[in-house]
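Bear in mind that the values in this text are calculations on the coordinates, not laboratory data. Small disclaimer: the values here were computed from a predicted structure and weren't measured. Please note: Cβ atoms are built from the backbone with ideal geometry, for glycine as well, and neighbour counts cover all protein chains shown.
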Amino acid sequence: MPSAKAESAPVISGIGVATAFGYGVSTFRQALRQPGNRFGVMQRPGRHASDATFPGAELPDPPAGILSARIARTTGLTGHVAVAVLQEAWRDANLDRVAPEKIGLVIGGSNTQAREHLLIQQSYAAKLHFLSPQYGHRFFDSDLCGLCTSVFPIRGFAYTLGGASASGLLAVQHAADAVRSGRVEACIALGALQDLSYFECQALRSLGAMGSVCRPFDQGRDGFVFGECSSALVLSRSGPGYGRVLGAAHIADGNRGPEPSLQGEVRAIRMALADAGIAAEEIDYVNPHGTGSPLGDDTEVAALREAGLTHARINATKSIIGHGLSAAGAVELVAVLLQMTGGFLHPTRNLENPIAPDLHWANGESFQARTALKLSFGFGGINTALVAGALEA
Amino acid sequence: MDTTSILAIITENIRAVVPDLSETSITASDTMSQLGLDSVERQEVVMLTLEAIGLEIPLVQLRGPRTIGDLAELLHAKREG
């Protein structure tokens, strides 16, 4: 019997998604059911240098025709992909029926267009005087808000928020709050594609964060592997849809850098469960942050043990699509919802010798999760957790 | 480089910035506002033209001209200046 609280929880009524497998929900669902390998040496201009290349998964070209040529020429990759996933989610949720003033947009991610900026800086290095005036508004992250609200009738509000690799899940939390509070009728949470340049890639490698092969929770893991991705989720007051946001939490643990915090993760998990009003043993499925970082994965497993979640099924979506950084939490929440509505759980690629063999690693089986816990953590001590529930039958 | 050549460069840049105008006839008596360019696009056309003709001057010196013909004449004068 669903509680009155669950019945008033915001519904995810529309989804749009892009990963290295391509664009659209059906493409992503198929990739989760039968994951192939999309990783290779990254090829985009500005993402490799003469003396440095990086492994990762890059998107195919965005679908043409969404933006006019006039707007397209001043729009970077992050923007092109944002309008593609937003258009899919918009149509899925039939947002044309909602008054524009009652629609909000929260974009998760900061410094999302670093590679575009690098390319512009390289182009104008010897001719600064002729720098394009377009850059004067494009360099703001919030240019994505301007782009999206100029293309779609969103007139409630729009802003970007930064939470490093937790940005996407944080955007969903803010969108859910905006709907729950009545500020808007529908709110789009968009995990923006983090368009890394070789500077960020090299720094993440120097930091010891970026590895060579994506194998979360395997004994042989050596860091995360980047994967371009983006998604948009429409939060509404009522269904139909893919599931509900039953509860969420967002806390600071006091670390400045990349160090994970066991206490911070456990606290976020417990707060999200309390917000949802459900017990740890009621969680059917956990979609962890699971980057493939040696210390990060160990810490997360310890947090799951301490929070009493070792009974739940678990898999790591980053093993298939890579780490989308700003977008990761929003795209992985889409993976959660597609698995819940599709009655299956995807395998974890490259998981040969799990660091925690006693956990219930999914392997592509049929499974009907009714409740799921999604975790996302960000550099700078940011810990987020979100409880998703299936819609009542 | 004469005024006519500069006008041709301006016209080419207007069409680069606003591809919708590729089939529209553009003459010296048109203003960029009338052609539908917004303020950032107008500034970008000026900047692309300065780059194309190799003229490095403060933009404040280019305030005033209304039509693209006037702009071409002013740029020509600055370049010869």
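Points to keep in mind about this one:
- Of the helices (runs of 4 or more DSSP H) lying entirely inside chain B, the ones with 3 or more residues being at the interface with another protein chain (Cβ under 10 Å from one of its Cβ atoms), within 10 Å of the chain's Cα centre (by Cα) and within 23 Å of A:HIS137 (Cβ to Cβ) are found at B:39-53.
- Matching residues, segment A:335-355, being in a loop (DSSP other than H, G, I, E, B) and out of contact with any Leu (no Cβ under 8 Å at 6 or more places or on another chain): A:GLY343, A:LEU345, A:PRO347, A:THR348, A:ARG349, A:ASN350, A:LEU351, A:GLU352, A:ASN353, A:ILE355
- Every residue from segment A:2-38 that is outside any loop (DSSP other than H, G, I, E, B), hydrophobic (A, V, I, L, M, F, W, C) and over 20 Å from the mean Cα position of the chain (by Cα): A:ALA4, A:ALA6
- Top-ranked residue of segment A:130-153 - restricted to ones that are aliphatic (A, V, I, L, M) and assigned to a helix (DSSP H, G or I), ranked as nearest to the other protein chains (Cβ to nearest Cβ): A:LEU147
- For segment A:369-381, a tally of residues being within 22 Å of A:PRO10 (Cβ to Cβ) and either of a type in the set (A, V, I, L, M, F, W, C) or outside any strand (DSSP E or B) (or both) returns 5.
- Within segment A:302-319, the residues that satisfy the criterion of being surrounded by fewer than 21 Cβ atoms within 10 Å (Cβ to Cβ) and outside any loop (DSSP other than H, G, I, E, B) are A:ALA302, A:ARG305, A:GLU306, A:ARG313.
- Matching entry among A:SER142, A:SER150 (being surrounded by fewer than 17 Cβ atoms within 10 Å (Cβ to Cβ) and farther than 30 Å from A:THR317 by Cβ): A:SER150
- Scoring A:ALA89 on the criteria (1) small (Gly, Ala, Ser); (2) within 18 Å of A:GLY227 (Cβ to Cβ); (3) touching a residue at least 40 places away in the same chain (Cβ under 8 Å) leaves a single failure, condition (2).
- Residue match in segment A:107-123 (condition: over 23 Å from the mean Cα position of the chain (by Cα), within 14 Å of another protein chain (Cβ to nearest Cβ) and either over 21 Å from A:ALA84 (Cα atoms) or free of Cβ contacts under 8 Å to residues at least 60 places away in the same chain (or both)): yes
- For segment A:39-87, a tally of residues being within 14 Å of another protein chain (Cβ to nearest Cβ) and assigned to a loop (DSSP other than H, G, I, E, B) returns 7.
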